[in-house]
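Notes for the one structure printed next.
The values are calculated or read from the model by the stated rules, or taken from the named source; none is laboratory data. Not measured: the values here are computed from a predicted model. Using ideal geometry, Cβ is built from the backbone for each residue, glycine included, and neighbour counts are taken over all protein chains shown.
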Amino acid sequence: MEFPFNHVNVQVLKDRKIIRSFVKGRFISGNINWYHHPEFHDNLYLTIEWVMRRTRYKGFISEFSAGPGYSRTFLGGTTYRVDDNGVVSIKKLAGFNYALLTIGGGLGYDFSMKKKLPLSTVAKLNFISMFPYNSTVYFRPVLELGIRYTPARSPNTAVRVSVPISE
């Protein structure tokens, strides 16, 4: 889910005609993500990201994002625990907690530009780092596919800027 806080409508003019139009947006985005790494672990992580997005007039978007997060892994197999007395037991929900940083870029389509739906689709490549991971920093590329919901925008967030081009 994302919350817009700054939008600028940009129109590029040539001979008093609009030749290009797009929206520059800034968002704070809260994300819940999950991935499965076979025979290793499942990872559920939460992030809060600063998003810079450019949306073309027809709805196509490109964006860059970065932010901190929290990661919780769950081990893929049965995990056993042996206590000080030598008693063996199964450890339920075995896994680890990590701090996380993410940075990424994506492409997608914003349905609010033409169809007035508060949804957009996105394909995004993120690089996440979890730490401390066995006393190191763990880097992992993640392909994110998703649908976003954007609450209604405040009428005070939009600013129109026209940029004339002269030859």
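How many residues, within the range 1-44, are under 15 Å from residue 112 (Cα atoms), in contact (Cβ under 8 Å) with a residue 40 or more places away in the chain and either in contact with a helix residue (DSSP H, G or I) (Cβ under 8 Å, 6 or more places away or on another chain) or of a type in the set (Phe, Trp, Tyr) (or both)?
1
Output the qualifying pairs, or none if there are none: Cβ atoms under 7 angstrom, residues six or more apart or on different chains, first residue in the range 86-104 and closer than 17 Å to residue 68 by Cβ, second residue in a strand (DSSP E or B) and of a type in the set (Lys, Arg).
97/72; 104/124
With the checklist (1) closer than 17 Å to residue 146 by Cα; (2) basic (Lys, Arg); (3) loosely packed, with under 14 Cβ neighbours inside 10 Å in hand, flag the one item residue 53 doesn't pass.
All conditions pass for residue 53, except number (3).
From the list 31, 43, pick out the single residue that is closer than 30 Å to residue 9 by Cβ, surrounded by 14 or more Cβ atoms within 10 Å (Cβ to Cβ) and in contact with a Ser or Thr (Cβ under 6 Å, 6 or more places away or on another chain).
Being closer than 30 Å to residue 9 by Cβ, surrounded by 14 or more Cβ atoms within 10 Å (Cβ to Cβ) and in contact with a Ser or Thr (Cβ under 6 Å, 6 or more places away or on another chain) holds for just one of 31, 43, which is 31.
Select, from 3, 27, the only residue that is at pLDDT below 85 and out of contact with any His (no Cβ under 7 Å at 6 or more places or on another chain).
3
Only one residue in 94, 99 is touching a strand residue (DSSP E or B) at 6+ places or on another chain (Cβ under 7 Å) and in a loop (DSSP other than H, G, I, E, B), so which one is that?
Only one candidate qualifies: 94.
Mind listing just one residue for me: the one in the range 63-97 that is more than 12 Å from residue 40 (Cα to Cα), among the polar types (S, T, N, Q) and exposed (fewer than 11 other Cβ atoms within 10 Å of the Cβ) and, of those, nearest to the chain's Cα centre (by Cα)?
The qualifying residue nearest to the chain's Cα centre (by Cα) is 97.
Consider the range 112-123. How many of its residues are under 13 Å from residue 55 (Cβ atoms), part of a loop (DSSP other than H, G, I, E, B) and either aliphatic (A, V, I, L, M) or modelled with pLDDT of 90 or more (or both)?
Adding up the residues that qualify gives 1.
With the condition kept exactly as written, say whether any residue in the range 128-142 is within 19 Å of residue 61 (Cβ to Cβ), outside any strand (DSSP E or B) and at pLDDT below 80.
The answer is no, given that none of the residues of the range 128-142 is within 19 Å of residue 61 (Cβ to Cβ), outside any strand (DSSP E or B) and at pLDDT below 80.
Can you confirm whether residue 111 is of a type in the set (Phe, Trp, Tyr), surrounded by 14 or more Cβ atoms within 10 Å (Cβ to Cβ) and farther than 30 Å from residue 23 by Cα?
So residue 111 does not fit the description; no.
Residue-by-condition table, conditions (1) β-branched (Val, Ile, Thr); (2) at pLDDT below 90; (3) under 16 Å from residue 107 (Cβ atoms):
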position: 16; (1), (2), (3): no, yes, no
position: 23; (1), (2), (3): yes, yes, yes
position: 61; (1), (2), (3): yes, no, yes
position: 64; (1), (2), (3): no, no, yes
